[in-house]
């Protein structure tokens, strides 16, 4: 664990001065504790909690009693969106920006190195491969004021635990301590673990160290899963916050349920005994291990008698890894949504989400309000009672606090949502490719740069996106394509070029 703390006397002096400087006396007292519980690559149906209008057989497969417990205590969102791959989602969460604006449109890793797969027709743009940075001196990166930095400036003790995956290797943004966190537990530039097993030192002996999880040496050689180790360390960090008598922001971004698929004991054997194949049994044990972590946090809040003043937000960073991705057999489940991670279809971007906010959110409620991951930025700050904050960047996200406080009543909105992925991910399958997408109301339009194809779906009537209605509704398709093109041009979004001519692919409304 890396810790960036003052001595107690100096800490109290700086804290008092920060209250004066930042005007925190205008915020509500006491400020709530906030836990953001982020899961990696979790499919829409990989839980006992149904995020659709009805239960499916997949909801019967997984044992997630603590997700059910959280849903009973808070609000479940059925139309929550992230981006199709991880780094764009995580950067949008940290900055409040749409991915088209911050240009971290694919997953990051090495300095000045694109992770785009090769394509025979398109040349992908020079996107911000170095990710999110706390300084403006790193090329090919986005310089922004981060969510934890604002929270820390306003009195919060900020804790990062788990997967970071913001800045490329060797840059300041690779270390969460440089992005507004007081504590960093196991976060670095990589987006997956080499191993979940303490016996393996969370490492792969045949690897080059790129994916080795840092900072957890105390667990090396021990029979413990990475998910459990992160949970223990997160609880220890919350203890430190309570000792300082400070509200905390815990960002627990689990590496699970991302590959590699490894059994999480003691949950694995019972799924094998149920007849699941090896991949499914391993994955189901990882899901239940994640759920156990959530339960440990909720139990901790109750034991410390701070549950009533703690907000919990639960989300996945993108859709589950589908059967087509990486050429493997399926182990995550997005059905009835089409496709999965890396895809512009709903299976790639619609994710499980819940919020528990005692005294503010109706217990057991459900919202059909659509929202996108950059909305967490203004929402969390509003929940924390922080007003008048300044950011370097323009904020695209909108607060979903009104939806939280409306119970089962979904607020009316004509807001448009945009996903921009001028890249090529490593998987194959439906909806995976260089695309721009817009949703407005029940209608969703997907534009393909490679062949300028337009797809139009009515999600209320066709959640599986099986019926392309572009030819039957040309005026609506044209209207949405124009809005999408106008928006992308207005923020100077990037687009791929054709390899043969070197010319840029047309915008959606230029075909």
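For 179, 459, what ranking results if the residue with the fewest other Cβ atoms within 10 Å of its Cβ goes first?
Sorted ascending by nearby Cβ count, the order is 459, 179.
Share of antiparallel DSSP beta bridges in the range 434-498, in percent to the nearest 5?
If we restrict to bridges inside the range 434-498, about 100 percent are antiparallel.
I need two numbers for the range 434-498: Rg to one decimal and Dmax as a whole number, Cα atoms only, in Å.
Gyration radius and largest Cα-Cα distance of the range 434-498: 12.0, 36 Å.
Tell me, rounded to the nearest percent, the portion of alpha carbon pairs in the range 180-304 spaced more than 27 Å apart.
Numbers: 1691 of 7750 pairs.
Roughly 22 percent, once rounded to a whole number.
Please compute the modelled spin-label separation between residue 308 and residue 486, points set 7 Å along Cα→Cβ, answer in nm with one decimal.
5.0
If we count other beta carbons within 10 Å of each Cβ, what is the order of 413, 171, 47, fewest first?
413, 171, 47
Calculate the radius of gyration of the Cα atoms of the chain to one decimal place, then report Dmax, the largest Cα-Cα distance, as a whole number, both in Å.
Looking at the chain, its Cα Rg and Dmax stand at 21.8, 70 Å.
Sorting 259, 129 on the 10 Å Cβ count, fewest up front, what's the list? Walk me through the numbers on the way to the answer.
Working: 259 19, 129 24.
The most exposed by this proxy come first: 259, 129.
State the antiparallel share, in %, of DSSP beta bridges confined to the chain, rounding to the nearest 5.
Of those bridges, close to 55 percent are antiparallel.
Give the separation of the Cα centroids, the range 427-461 to the range 95-118, in Å.
Each part's Cα centre sits 20 Å from the other's.
Laboratory data are not the source of any read-out in this text; all were calculated from the coordinates shown. On a predicted model such as this, the values are computed, not experimentally measured, just so you know. Every residue, glycine as well, gets a Cβ built from its backbone with ideal geometry; the counts of neighbours run over all protein chains shown.
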